[in-house]
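Where a number appears in this text, it was derived from the coordinates with a stated rule and is not lab data. None of these values were measured; they are calculated from a predicted model. Glycine also receives a Cβ, built like all others from the backbone with ideal geometry; neighbour counts cover every protein chain displayed.
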Amino acid sequence: MGAELATAGVPLALVNSMDERVRTLVASQEAKFIKKAVGRITFTCKDGDLARSAIEESISTGKSVFADFKATGTDSSGEVVSEWTFKWNFLVQDKR
């Protein structure tokens with residue numbers, strides 16, 4: 001799903017670059033469909049900094065941390081057709 005991938009890019013790249021093992025999973029998802037999607041739809045997410053904050057919190061507390069990432073789907077004319085929220089969970093487990 002394009003919306004989920006849009007929210008996963010920064011968190012997964014960050015996790016793959018770390019020495020620690022970090023468990024990631026999508027805990028929930030919500031969607032709002034604004035208009036009929038026709039043609040090529042592009043999904044964007046600007047919440048990449050949330051991943052770093054959540055992972056740092058998990059490192060300091062040793063607990064799993066949830067963060068909501070929002071993705072927006074736009075059509076080729078730039079009109080918003082959908083809005084998505086994915087609740088990601090991060091847990092830093094140990095060194096690899």
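Couple of notes before you dig in:
- Gained length - residue 74 relative to residue 91, 0.36 nm times residue gap less alpha-carbon distance: 2.9 nm
- Between 0 and 90 degrees, the angle of helix 48-61 with respect to the longest Cα principal axis of the chain falls at about 20 degrees.
- Each residue, residue 63 and residue 27, gets one label point 7 Å from its Cα in the Cβ direction; the gap between the two is 1.0 nm.
- Remark: relative contact order (the chain) = 41 percent; criterion is Cα-Cα distance under 8 angstrom and separation of 6 or more residues.
- Extension gain for the segment residue 37 to residue 52, taken as residue separation times 0.36 nm less the Cα-Cα distance, is 2.2 nm to one decimal.
- Rg/Rh ratio calculated on Cα atoms of the chain (Kirkwood radius): 1.06
- Where the Cα pairs of segment 1-47 fall when distances are cut into 5 Å bins, in %: 4, 15, 24, 23, 15, 10, 5, 3, 1
- Entry note, the chain: the mean residue ellipticity at 222 nm calculated from DSSP H runs of n ≥ 4, each adding -39500 (n - 2.57), is -10000 deg cm²/dmol after division by the residues and rounding to the nearest 500.
- Listed by chain and number, the aspartates and glutamates whose C-alpha is less than 20 Å from the C-alpha of residue 32, apart from same-chain residues fewer than 8 away, are 4, 47, 68, 75, 79, 83.
- Trypsin sites (Lys or Arg not before Pro) within segment 30-77, DSSP loop, no more than 16 other Cβ atoms inside 10 Å: 35, 36, 40, 46, 63
- Cα-based reach from residue 63 at 20 Å (exclusive), listing lysines while leaving out same-chain residues under 8 positions away: 87, 95
- ³J(HN,Hα) computed for each position of segment 11-19 - Karplus, 6.51 cos²θ - 1.76 cosθ + 1.60, integer Hz, glycine/proline x: x, 6, 5, 5, 4, 5, 8, 8, 6
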